[in-house]
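What follows draws every value from the coordinates through simple rules; no lab data is involved. Keep in mind the model is a prediction, meaning the values are calculated, not measured. Here Cβ is always computed from backbone atoms with ideal geometry, including for glycine, and neighbour counts include all displayed protein chains.
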Amino acid sequence: MVDFHSHILPYIDDGAKNFDMSLDMLRISQGEGVEYVCATPHFIPGEIELDRKIFDVKLDNLIKLAEYKGIKVKLLPGLEIYITPELPKLYSEKKIWGLNDSKYLLIELPMQEVPLYTEEVLYELRLLGATPIIAHPERNIAFMKNHSILPNLLKQGTLAQVNSGSIEGKYGKNIKKFAEHLVKNNMVNLLGSDGHNQGTRSTSVINALENIKKLNLELYQWMQLNNLRVIQGMEIEPLEVKKAKKTFGFIKVFSRSRVTINKY
């Protein structure tokens with residue numbers, strides 16, 4: 001089992017506050033049978049731009065400490081990269097990196113919208129040989145309200161990662177329903193905890209994985225076959241996106257918001 005999204009490295013962002021918290025998060029992962037955890041701290045151009053040498057030191061320190069404590073979960077490098085028009089340039093300059101240094105880039109969008117330049121940026125990254133993965137699309141209001149945006153991006157070659165907490169209802173019933181909708185219609189490919197601590201936003205994924213199995217057995221089986229292929233940087237063939245319903249009743253909550261794709 002692979003946790004593709006976590007803020008487990010301490011002293012970087014709003015994730016783990018110290019190494020003791022990081023170890024507790026790893027113990028949760030190990031207790032659930034997780035074999036690999038991708039350490040994906042925030043990378044926000046102009047705000048949090050993590051130097052690779054500093055990242056490697058922090059990751060190596062946690063790996064050695066975990067080994068000393070008898071924790072067998074393998075930690076892998078990664079980033080959660082906030083989308084800006086500069087991402088193709090940063091990728092070309094090797095200032096951002098993928099999951100386990102593969103071509104798979106975990107990319108975060110604003111929660112309220114999909115920036116106007118999103119499709120172009122993702123296209124340019126694919127031209128450079130990268131495969132973008134949209135982090136937690138189930139939490140994006142624009143995706144919720146306009147049912148065609150995410151499927152279009154997926155059909156162009158982008159992947160998506162769902163949060164375990166979303167499926168479990170930790171972010172509210174609307175996000176839970178939308179996450180379930182995405183799972184049922186093959187609109188997500190990878191599962192991540194988006195763990196920030198050992199409590200309310202822990203690294204637990206097992207319950208969400210079981211829910212995925214109940215909601216969409218085909219997707220669950222696909223994940224089992226392809227998780228390791230992703231962290232090994234291998235090619236994968238996503239399941240075909242199912243045709244979604246035109247309206248979602250649970251989106252009425254956001255009826256006063258605009259449905260358009262806005263510029264960031």
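A few points about this structure:
- With Cα atoms defining each centre, the range 15-75 and the range 121-140 are spaced 23 Å apart in the structure.
- Remark: for residue pairs Lys72/Lys213; Lys213/Lys242; Lys69/Lys213; Lys145/Lys184; Lys64/Lys89, the C-alpha separation exceeds 24 Å in Lys72/Lys213; Lys69/Lys213; Lys64/Lys89.
- Between 0 and 90°, nearest 10: helix 217-231 axis offset from the chain longest Cα axis: 50
- Summary of packing: across the peptides 68-80, 33-45, 214-226, the per-residue average of other C-beta atoms within 10 Å ranks them, highest first, as 33-45, 68-80, 214-226.
- Point-charge dipole on Cβ atoms (K/R +1, D/E -1) for the range 38-175, about Cα centre, debye to 20: 480
- Ordering Val162, Ser193, Ile175 by Cα displacement along the dipole of the range 135-193 toward the positive end leaves Ile175 in first place; charges were set at the Cβ atoms of Lys, Arg (+1) and Asp, Glu (-1).
- Sorting the segments 85-93, 234-242, 202-210 by their residues' average number of neighbouring beta-carbon atoms within 10 angstrom, most packed first, yields 202-210, 85-93, 234-242.
- Cβ charges +1 (Lys, Arg) and -1 (Asp, Glu), total dipole of the chain, debye: 1000
- For the chain: Kirkwood Rh in Å [reciprocal of mean 1/r, alpha carbons]: 18.5
- 17 Å Cα-Cα reach of Lys214 towards aspartates and glutamates, excluding residues that sit fewer than 8 places from it in its own chain: Glu168, Glu180
- Expected 222 nm ellipticity per residue - DSSP helices of 4 or more, -39500 (n - 2.57), all of the chain, to 500: -11000 deg cm²/dmol
- Sequence of Leu59, Leu182 once ranked by neighbouring C-beta atoms within 10 Å, starting from the fewest: Leu59, Leu182
- Exposure proxy for Ile149, Ile212, Ile63: other Cβ atoms within 10 Å of each Cβ, ordered fewest to most, give Ile63, Ile149, Ile212.
- When Thr131, Thr84, Thr158 are sorted by how many other C-beta atoms sit within 10 angstrom of their C-beta, beginning with the fewest, the order is Thr84, Thr131, Thr158.
- log₁₀ of I(q)/I(0) at q = 0.11, 0.17, 0.18 Å⁻¹ - the range 89-202, Debye sum with one point per alpha carbon: -0.36, -0.84, -0.93
- Cα-derived Rg over Rh, computed across the range 33-92 with Rh taken as Kirkwood radius: 1.07
- Candidates Asn18, Asn163, Asn227: whichever shows maximal mean-square fluctuation once the chain is modelled as a Gaussian network with Cα springs under 10 Å: Asn18
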